[in-house]
């Protein structure tokens, strides 16, 4: 599959010609390429490799080429969807809320991944280097904290919200805060001593020593980028709604139906691809709609009011 940086996508897109010619239904004439946005958070080569199976499967079923567009951050995918230059993406709940607050008719959430125990939520975790001696939030006063991305639910919105509920102003409590440029990058920044602590996402189930059953830590272990013995987990958040797979609302219904049929049966028909695209072990995709994310939308609205 051809791939392009998100910056080039926003300037122009071109259809692939390497795939076999298929009969052109009316919607295929209007939608000659199906474009998938890939969030920042792990290195580009890994993102493309992990999603190659998805692009291949959807191309076969849709009968049109599928292109993947890795973005350097969450905002690139969000803007691509808002601008009508992407058809599909897997977002965090906060990213979806950010799109909804700008244009409630832009995208439609269709699925979230179920965890290994069947639940449809996950957690944010705060971590430090194991050799730092920092084992609690109380010990982090005056230390530095790396958020993952300003549009991340677990890597910014929820930890900041929960710190406020504890009576802690992150701008005063920590010596400094910053953004790591994604979940994986923030972990690496902490391991390299650039920050004292960071936040990321995990399923919240399974063995902590194995990076839980699913999430950024598990993916980094799978990619041989992390040994959990090098980290302390110092805090876990309350449950967070899993982020959605979204499609643009204005694409043809037949396209939505094909995508939903594939994902709805992916765990049974293409289990390795499910594992690759969903960051670890789970029980398949569960259908959702906007109501599943109303709490996160309200949280993001509050965050926006506080920043004005």
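The values are calculated or read from the model by the stated rules, or taken from the named source; none is laboratory data. Values in this document were obtained by computation on a predicted structure and should not be read as measured data. Heads up, the Cβs are rebuilt from the backbone with ideal geometry, glycines too, and the neighbour counts pull from every protein chain shown.
Laid out as a table, the results:
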read-out: Strands (runs of 3 or more DSSP E) wholly inside segment 92-198 that include at least 2 residues being crowded, with 22+ Cβ neighbours inside 10 Å and modelled with pLDDT of 95 or more; value: 107-113, 121-129, 144-147
read-out: Residues (within 17 Å of residue 257 (Cα to Cα) and part of a helix (DSSP H, G or I)) located in segment 57-79; value: 57, 58, 59, 60, 61, 62
read-out: Elements of type helices (runs of 4 or more DSSP H) contained in segment 206-308, each with 2 or more residues being surrounded by 21 or more Cβ atoms within 10 Å (Cβ to Cβ); value: 216-222, 253-264, 271-278, 294-307
read-out: Residue 185, sole failed condition from (1) closer than 25 Å to residue 97 by Cα; (2) touching a strand residue (DSSP E or B) at 6+ places or on another chain (Cβ under 7 Å); value: (2)
read-out: Scope segment 71-87; condition crowded, with 24+ Cβ neighbours inside 10 Å and at pLDDT 95 or above; matching residues; value: 77, 78, 81, 86, 87
read-out: Residue count for segment 186-209, restricted to those that are under 20 Å from the mean Cα position of the chain (by Cα) and without any contact (Cβ under 8 Å) to a residue 60 or more places away in the chain; value: 3
